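*Asks:* Take this structure first; my questions come after.
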Amino acid sequence: MTDGLVLVIEDEDAIREMVRVTLESASFEVLEAVDAEQAEMILADHCPGLILMDWMLPGISGIELTRRIKRDDVLKEIPIIMLTAKGEENSKVMGLEAGVDDYVTKPFSTRELIARIRAVMRRSGVSQGESLEIGDGLKLDPSRHRVTANGASLEIGPTEFRLLQFFMSHPERVYSRSQLLDQVWGRNVYIEERTVDVHIRRLRKALEPSGFDALVQTVRGVGYRFSVQN
Ligand code: CA
């Protein structure tokens, strides 16, 4: 497991690469996008713990993308750190108005970048929800993006993480595929219902070694339920 998933949106290859290496060496998992379009495609299927956004992007600017993200019911919870160049003082005001959580001014030290990311993630940890525990040994910690089964960390993808977080906070209730799509993927995302089945399978596989996969129950003709009862 990692300290969290970070989406880096930066068109300059050298900077993006440097940021990726820096984050990975600090135990973060990294997704990369070169522009807003690519970022939106990634955000349709992943929920990073933080977005690191360049201000000067080709096409749709960082500020416009920030506005779009902050208007989205599901994505607006993701904290955003904006990368600005020296002298772009004006952009900081605009960024703040658009909902940016913090800034890092280029050129920055890797140590400063990591410190800012950790600070913003810590601050926003409250809104990511409480730690959850169910079934005597299955724990999910949203602020650390970590799932453990009987103390051992589980490898789990970002979508499966959100699915599990939803299930663990709404146990014993049956949800249809379309309800799960709304709750976990968001209403503005157009995904086929069988995509839910794919991620349910992956979630079960991730939970299988610990035996907690039995909690993810298929309710024939209706959908799925997360239950500690059989
Ligand atoms: Ca740029």
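The values are calculated or read from the model by the stated rules, or taken from the named source; none is laboratory data. None of these values were measured; they are calculated from a predicted model. Glycine also receives a Cβ, built like all others from the backbone with ideal geometry; neighbour counts cover every protein chain displayed. Remember, those area values only see protein heavy atoms, side chains included, never the ligands or the DNA or RNA. Shrake-Rupley method; radii C 1.70, N 1.55, O 1.52, S 1.80 Å.
*Asks:* So what is the relative contact order for the chain, in percent, with contacts set as C-alpha pairs under 8 Å and at least six apart?
*Replies:* Details: 368 pairs, mean separation 35.3, N = 230.
Computed over the chain, the figure is 15 percent.
*Asks:* If you take the beta carbon distance between M41 and N90 as r and set R0 to 22 Å, what does 1/(1 + (r/R0)^6) give as a FRET efficiency, to the nearest 0.05?
*Replies:* Details: r = 30 Å, r/R0 = 1.35.
Computed FRET efficiency for M41 and N90: 0.15.
*Asks:* What trypsin sites (Lys or Arg not before Pro) in the stretch 43-103 are in a loop by DSSP, with at most 14 other Cβ atoms within 10 Å of the Cβ?
*Replies:* Working: sites: R67, R68, K70, R71, K76, K86, K92; in loops: K86.
Hits after loop and neighbour filter: K86.
*Asks:* Translational D (Stokes-Einstein, µm²/s) of the stretch 74-121 at 4 °C and 1.567 mPa s when Rh comes from the Kirkwood sum over C-alpha pairs?
*Replies:* On the way: Rh = 11.3 Å.
Translational diffusion coefficient: 114 µm²/s.
*Asks:* Moving on. At 1.4 Å probe size, with every protein chain present, just tell me what the per residue accessible area of the chain comes to in Å².
*Replies:* On the way: 11470 Å² over 230 residues.
Heavy-atom SASA per residue in the chain reads 50 Å².
*Asks:* When the convex hull of the Cα atoms of the chain is projected onto a plane and the area is averaged over all directions, what value comes out in nm²? Please report the intermediate quantities before stating the final value.
*Replies:* Details: hull surface 50.1 nm².
Approximately 12.5 nm², given one-decimal rounding.
*Asks:* Among the DSSP beta bridges whose two residues both lie in the chain, what percent are antiparallel, rounded to the nearest 5? All intermediate terms of the calculation are to be shown ahead of the outcome.
*Replies:* Values: 15 of 33 bridges.
If we restrict to bridges inside the chain, about 45 percent are antiparallel.
*Asks:* Helix 110-124 against the longest principal axis of the chain: what's the angle in degrees, Cα atoms only, rounded to the nearest 10?
*Replies:* 50 degrees
*Asks:* Here's another thing I want to ask about it. Considering the dipole of the chain built from charges on the beta carbon (Lys and Arg +1, Asp and Glu -1) around the Cα centre, which of Y190, G137, A39 is farthest to its positive end?
*Replies:* Going by the charge dipole, the pick is G137.
*Asks:* Quick one: putting +1 on the C-beta of Lys and Arg, -1 on the C-beta of Asp and Glu, what dipole do you get for the chain around its Cα centre, in Debye to the nearest 20? Spell out each step's value before the answer.
*Replies:* On the way: 29 positive and 37 negative charges, 138 e Å.
So the dipole magnitude of the chain works out to roughly 660 debye.
*Asks:* Take the stretch 118-182, compute every pairwise Cα distance, and split them into 5 Å bins from 0; I just need the percent in each bin.
*Replies:* 4, 16, 25, 23, 20, 9, 3, 0
*Asks:* Here's something else I'd like to know. How much length would be gained if the chain were fully extended between M18 and F166, taking 0.36 nm per residue of separation minus their Cα-Cα distance, in nm to one decimal? Could you put the intermediate results ahead of the total?
*Replies:* On the way: separation 148, 0.36 × 148 = 53.28 nm, distance 3.42 nm.
Result: 49.9 nm gained on full extension.
*Asks:* Within the accessible area of the stretch 110-230, what % is carbon and sulfur when the probe is 1.4 Å and the other protein chains stay in place? Provide the component values of the computation, followed by the final result.
*Replies:* Values: 3040 of 6750 Å².
Answer for the stretch 110-230 is 45 percent, counting heavy atoms of protein chains only.
*Asks:* With angles folded into 0 to 90 degrees, how steeply does helix 89-98 sit against the dominant principal axis of the chain? Use alpha carbons for both and round to 10.
*Replies:* Computed tilt is about 30 degrees.
*Asks:* Evaluate Rg over Rh across the stretch 132-226, taking Cα atoms for both radii and Kirkwood's formula for Rh.
*Replies:* Taking Rh as the inverse mean 1/r over Cα pairs, Rg/Rh reads 0.94.
*Asks:* Quick one: Cα centre-to-centre distance for the stretch 164-182 and the stretch 9-59, in angstrom?
*Replies:* Spelled out, the Cα-based centre of one part sits 29 Å from the other.
*Asks:* Can you compute the helix-only [θ] at 222 nm over the chain? Use -39500 (n - 2.57) per DSSP H run of at least 4 residues, normalise by all residues, nearest 500 deg cm²/dmol.
*Replies:* Working: 8 runs with 86 residues, N = 230.
Calculated mean residue ellipticity at 222 nm is -11000 deg cm²/dmol.
*Asks:* What number in nm² do you get for the stretch 1-100 if you take the convex hull of its Cα atoms and divide its surface by four? Intermediate results must be reported in sequence, preceding the final value.
*Replies:* Values: hull surface 24.8 nm².
With the hull built on Cα positions only, its mean projection is 6.2 nm².
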